[in-house]
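Notes follow the structure.
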Amino acid sequence: MKFSLKAAVVSAFSVLVASPLIMAGSASAQTAPNGMSGSYIGGGVSAGVTNDATVGGNVQVRLNSSEAPVSFRGAALITGESTAIVPTITYDAAIAPNTNLYVGGGYSFVTDENATSPLGNKDAFVLTAGVETAVQRHITLYSDVKVGLDAFENNNDVAVAIQAGAAYRF
């Protein structure tokens with residue numbers, strides 16, 4: 001059952017990532033909204049909502065690619081017990097002026113595998129989906145969900161963490 005849950009999550013994620021790429025060619029005659037560009041660094045809150053629920057902070061970085069709608073991101077999900085370092089690559093879709101929806105994947109590196117971070121207690125593959133919007137020239141608000149696959153020792157459970165914060169955009 002747990003393997004089929006993973007397969008379903010990966011399949012759904014694949015559809016989310018592939019759909020905008022496939023539909024981009026057919027929508028070329030339409031005017032797309034200008035999404036948010038630029039890179040940022042920020043911080044906020046993080047909450048792990050599975051198994052041992054944890055609340056902590058997060059630091060997030062976005063490095064924008066000017067060549068494609070792709071960003072390189074890094075996040076540190078921090079609690080007093082452990083930290084999950086999560087580098088990801090995302091596809092960024094403009095959904096409104098100065099606003100992007102993003103989906104992607106990466107890997108979580110947990111600093112102390114004996115303690116629970118917001119994203120589990122062991123290293124794991126991660127899927128992410130979120131939204132970001134520029135509210136002023138240098139201020140961005142972001143929120144996302146990260147899902148760690150097989151992120152707990154001694155079981156195959158997924159870990160789900162929710163982040164929200166504000167960032168300085170440059």
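The values are calculated or read from the model by the stated rules, or taken from the named source; none is laboratory data. Note that the structure is predicted; figures quoted are calculated from it, not measured. We place every Cβ from the backbone using ideal geometry, glycine too, and count neighbours over all the protein chains shown.
Observations
- Taken together, A75, A115, A129, A68 contain a single residue that is in contact (Cβ under 8 Å) with a residue 60 or more places away in the chain and surrounded by fewer than 21 Cβ atoms within 10 Å (Cβ to Cβ), which is A129.
- The range 132-159, subset in contact (Cβ under 8 Å) with a residue 60 or more places away in the chain and of a type in the set (V, I, T), residue surrounded by the most Cβ atoms within 10 Å (Cβ to Cβ): T140
- Subset of the range 31-65 [of a type in the set (S, T, N, Q), more than 19 Å from A164 (Cα to Cα) and in contact (Cβ under 8 Å) with a residue 40 or more places away in the chain]: N34, N51
- Scanning the range 126-170 for residues that are polar (S, T, N, Q) and within 16 Å of S71 (Cα to Cα) returns T128, T133, T140, S143.
- Of everything listed in (1) touching a strand residue (DSSP E or B) at 6+ places or on another chain (Cβ under 8 Å); (2) at negative phi; (3) in contact (Cβ under 8 Å) with a residue 12 or more places away in the chain, the single unmet condition for N98 is (2).
- With respect to the conditions (1) assigned to a loop (DSSP other than H, G, I, E, B); (2) modelled with pLDDT of 95 or more, S143 falls short on a single one, namely (1).
- For the range 65-115, a residue qualifies if it is polar (S, T, N, Q) and more than 23 Å from G48 (Cβ to Cβ), and the qualifying residues are S65, S66, S71, N98, T99, N100.
- All positions within the range 93-107 that are surrounded by fewer than 23 Cβ atoms within 10 Å (Cβ to Cβ) and more than 17 Å from I162 (Cα to Cα): A93, A94, I95, A96, P97, N98, T99
- Single match in A53, A129, A75, A96 (criterion: small (G, A, S), more than 14 Å from the chain's Cα centre (by Cα), modelled with pLDDT of 95 or more and over 13 Å from A151 (Cα atoms)): A96
- Every residue from the range 78-90 that is buried (at least 19 other Cβ atoms within 10 Å of the Cβ) and within 11 Å of the chain's Cα centre (by Cα): V86, T88, T90
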